[in-house]
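The values are calculated or read from the model by the stated rules, or taken from the named source; none is laboratory data. Since we're looking at a predicted model, the values are computed, not measured. Ideal geometry is used to build each Cβ from the backbone, glycine not excepted, and the neighbour counts take in all protein chains shown.
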């Protein structure tokens, strides 16, 4: 997705060229793009026998939808469980936690 956001519509072979070495096989890139298309994140335009792929949603929209899926699958749709996991499992520092509290307070003032 990042490649499409940064470069606009592209053929699979052009997407593959932008990967760092060792580059994934062209079939791997094609499979990833098709999975993203099946999930509604990517669309395509026919270019003869091939397709030019493009992002269907913004980076922010993608982030929100992905976070929503993670929350649903792994945290019972609970922000509390997500943040608790970050604090306990990922060793979130007190400073980082205070920063999150400030963000929450600012969001509620709006």
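Considering only the range 41-70, state which residues are more than 18 Å from residue 29 (Cβ to Cβ) and part of a strand (DSSP E or B).
46, the sole residue that qualifies.
Yes/no matrix, rows are residues, columns are (1) at pLDDT 95 or above; (2) assigned by TED's automatic domain parsing to the domain that holds residue 97:
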site: 11; (1), (2): yes, no
site: 14; (1), (2): yes, no
site: 17; (1), (2): yes, no
site: 23; (1), (2): yes, no
site: 27; (1), (2): yes, no
site: 35; (1), (2): yes, no
site: 70; (1), (2): no, no
site: 80; (1), (2): no, yes
site: 83; (1), (2): no, yes
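Assess whether residue 94 counts as being outside the structural domain of residue 10 (by TED's automatic domain parsing), within 20 Å of the chain's Cα centre (by Cα) and either without any contact (Cβ under 8 Å) to a residue 40 or more places away in the chain or loosely packed, with under 13 Cβ neighbours inside 10 Å (or both). Spell out the reasoning first.
Details: outside the structural domain of residue 10 (by TED's automatic domain parsing): yes; within 20 Å of the chain's Cα centre (by Cα): no; either without any contact (Cβ under 8 Å) to a residue 40 or more places away in the chain or loosely packed, with under 13 Cβ neighbours inside 10 Å (or both): yes.
Taking the combined requirement at face value, the residue does not satisfy it.
Could you list all residues from the range 4-29 that are in a helix (DSSP H, G or I) and in contact with a helix residue (DSSP H, G or I) (Cβ under 7 Å, 6 or more places away or on another chain)?
Taking the range 4-29 and keeping what is in a helix (DSSP H, G or I), we get 4-7, 12-17, 26-29.
Answer for the range 4-29, where residues must be in a helix (DSSP H, G or I) and in contact with a helix residue (DSSP H, G or I) (Cβ under 7 Å, 6 or more places away or on another chain): 5, 12, 13, 15, 16, 26, 29.
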